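Here's the structure, in structure tokens; my notes come after.
The values are calculated or read from the model by the stated rules, or taken from the named source; none is laboratory data. Worth saying up front: this structure is predicted, and the values here are computed from it rather than measured. Cβ coordinates were reconstructed from backbone atoms using ideal geometry, including for glycine residues, and neighbour counts include every protein chain displayed. Ligands, DNA and RNA are stripped out before the accessible areas are found, and what is left, the full protein with its side chains, is counted by its heavy atoms. Shrake-Rupley method; radii C 1.70, N 1.55, O 1.52, S 1.80 Å.
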Amino acid sequence: MGLNQTVRCMGLSFQNPVLVASGTFGYGDECYDIMPFSSLGGLVTKTITAARREGNPPPRIVETDAGMLNSIGLANVGLECFLAEKLPWIAQHAGLAKVIVNIAGFSVDEFVEVGAAVGSRPEVDALEINLGCPNVRAGYIHFGADPESVRRVISGVRKKVNLPVIAKLTPNVTDIASLAEVAIDAGADALSLINTLPGMKIDVAERRPVLGMGFGGLSGPAIRPVGVACVYKVCQHMQRMDAQVPIIGIGGISCGTDALEYILAGASLVQVGTASFVHPQAPGNIARELAEYCETEGIGNISDLVGLAHQH
Amino acid sequence: MKPVFEWVRVTQISSVAERTFVIAFKEPKSAAALEPGQFCMISPYPGSSNVYLPRPFSYFRVSANDTIEILFRTFGRATRWMASLTPGDRIGVFGPLGNAFNQHPGAERVILAGGGIGIPPIILLAESLSRLANPPRIDLIYGEASGSRVVDLAKVVPPRVCCQITTEDGKIGVKGLVTEELSRILDTCKTPPAVYTCGPRAMMAAVAGMLTPGKVALFETACEENMACGRGICQGCVIPVKGEEDATRYVCCCTEGPVFNGFEVKWD
């Protein structure tokens, strides 16, 4: 991998375009011995909420065709423990990889509180805002599905921190491009597309849903066409409105070719998620495959490929 | 040791009972280090199957030539895919993962209770305990629903282990349940025995209900739950355990288990 794979994005320099997605790489320590994230573009942590969360009752995961459903329930160690124990370890082991902390809340105030606390730490390079949470003060509607909630969360966090703020949008909306526009207007420095799709698997023998909570979030190769379409659509919309914020492509990326689909659709960076469960070294393999592709195709920098599919 | 992910070739696969198979492969690094109760994640070679996620399997046997054997039963598409493999096929193996049974039971008598496809780690443990410098007396109960599913363990159970088979249809061994045989053996124990179990959740819950802390030297259960990563990352495989003031805590079966203190698991 002698090629320069550096991607400049949000004012940060990523050593390669491959990051690990939130919730699929824990706090970096669980798999460091077999997949050191220091070799990647960045680590996006598991979602952090103000209080520690025990999470949902099992079963929490089940395989589906070309993917899986999960219903973890944002189980996490909570803000205090994360800042005291997890973040210092991550920073110590990150090397050149960027540290992006994914945060969530069940109210606008919680998002702002967690964002401000995490954002004040020098070890953190950027915040990713998980808008796929229910707003307990507004009828449990997901923040990401309501333009006003998106605006309030993003602008609220934006005002409190000096770091890049990434809005992670849900695909479960009628028009993701309009939500993207709201997030950009509210001050988002980048967009992560996409979060999981809602799904359910029913155990026919037992005649009931498999997952403890019934519904789960679908991830894996099954959702890749949805993710690629969302990236393409938002990229197209931004070109029309002459906005220029980078997109981070997520959803079913298992190999270099999958990552290239997102990049050609308009993503500057990609995140590898569920594929890490299938093969713990998948993120590193994908970064290597992208470098090999550039070398074979004579492409100076991977960034030269961003959005090229729009030319046709 | 830290776990390794290796692409290995199947060296042998054989049908050993109804819907029940033994698959063998060589993986020297794991073979040298793995302990009874630990598990590995098995996944298809890319493009060779529509199975997407790896599946966890307890180790069944390890032979001197670094061959690892996994005993499995077909239930869903992953196990049906595994049953279709032939020698030479490639599979991904990630392990050893998880914790292991306590191999210092601190008791004169050890009772091992394996139910159905929960038997593999019990066999590996029986072998390990029988090799101790001062081995305890070991009773092994192996229960199946029907005689057609009983795996012939004669060649794999160490000779000094007293093995009793129970089947619900009575076709092989004693007609009845593992717990009935366990009750009989417990009545003959003069000192607190160590009890290890692995099997269907209902069986392990019933075993837990028969035992009292303080009256057994040790009670360990090897649990199972749907898994994705096997390393505590996805938090998908949680088991409910007793927290402070009897609150429920969810802990990862893959990293805090699969072996748990049977008195700490919330069985209801």
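Taking label positions 7 Å along the Cα-Cβ direction at both A:SER13 and B:ALA247, the computed distance is 4.6 nm, reported to one decimal. For the range A:164-181, backbone phi angles converted through the Karplus equation (6.51, -1.76, 1.60; θ = phi - 60°) give residue-by-residue couplings of x, 10, 9, 8, 8, 9, 8, x, 8, 9, 5, 9, 5, 5, 5, 5, 4, 4 Hz, Gly and Pro being listed as x.
Close amide H contacts of B:GLN164 (hydrogens built in the peptide plane, cut-off under 5 Å, sequence separation of 5 or more or a different chain): B:LEU140, B:ILE141, B:TYR142. Extension gain, A:ALA116 to A:GLU80, is 11.7 nm, computed as 0.36 nm per intervening residue step minus the present C-alpha separation.
Please give the length that would be gained between B:ASN50 and B:PHE75 if that part of the chain were fully extended, namely 0.36 nm times their separation in residues minus their C-alpha to C-alpha distance (nm, one decimal). Mind dumping the intermediate values first?
Numbers: separation 25, 0.36 × 25 = 9.00 nm, distance 1.55 nm.
The span from B:ASN50 to B:PHE75 would gain 7.5 nm if fully extended.
3J(HN,Hα) along the range B:13-25: 9, 9, 7, 10, 6, 4, 6, 10, 9, 10, 10, 10, 8 Hz, from the Karplus curve 6.51 cos²θ - 1.76 cosθ + 1.60 with θ = phi - 60°, whole Hz, x for Gly and Pro.
Database remark: amide H of A:LEU131 closer than 5 angstrom to the amide H of A:LYS168 (H placed geometrically; neighbours at sequence offset of 5 or more, or on other chains; Pro and chain starts carry no H).
Loop-located trypsin sites (Lys or Arg not before Pro) in the range A:193-274 (DSSP state not H, G, I, E or B) with no more than 12 neighbouring Cβ atoms inside 10 Å: A:ARG207. Counting only protein heavy atoms and using a 1.4 Å probe, the accessible area of B:MET210 comes to about 70 Å².
For B:THR197, nonlocal amide neighbours, meaning residues 5 or more places apart or on other chains whose placed amide H falls under 5 Å from its own, are B:ALA113, B:GLU220, B:THR221, B:ALA222.
Summed for both chains, how many Å² of accessible area, to the nearest 100, are buried between A and B with a 1.4 Å probe?
Buried area between the two chains comes out at roughly 2600 Å².
Using a simple spin-label model with pseudo-atoms 7 Å out from Cα toward Cβ, B:ALA154 and A:ALA91 lie 6.6 nm apart. Across the range B:42-52, coupling constants 3J(HN,Hα) worked out from phi with the 6.51/-1.76/1.60 Karplus curve, θ = phi - 60°, read 10, 9, x, 5, x, x, 8, 7, 8, 6, 9 Hz, and Gly and Pro carry x.
Go ahead and collect, in residue order, the members of the range B:108-126 whose backbone nitrogen is under 18 Å from a label point 7 Å along the Cα-Cβ direction of B:THR191. Answer for this model: B:108-112. Averaged over the residues of A:61-70, the number of partner chain Cβ atoms lying within 10 Å of the residue Cβ comes to 5.
Taking chain B as the region of interest, the number of lysine pairs whose Cα atoms are within less than 18 Å, with members eight or more places apart or on different chains, is 4. Multiplying the residue separation of B:THR67 and B:GLU180 by 0.36 nm and subtracting their alpha-carbon distance yields 37.1 nm.
Please identify the GluC sites (Glu not before Pro) of the range A:134-218 that satisfy two criteria: DSSP loop assignment and at most 11 other Cβ atoms within 10 Å. Which are they?
Working: sites: A:GLU148, A:GLU181, A:GLU206; in loops: A:GLU206.
Within the range A:134-218, the qualifying GluC sites (Glu not before Pro) (loop, at most 11 other Cβ atoms within 10 Å) are A:GLU206.
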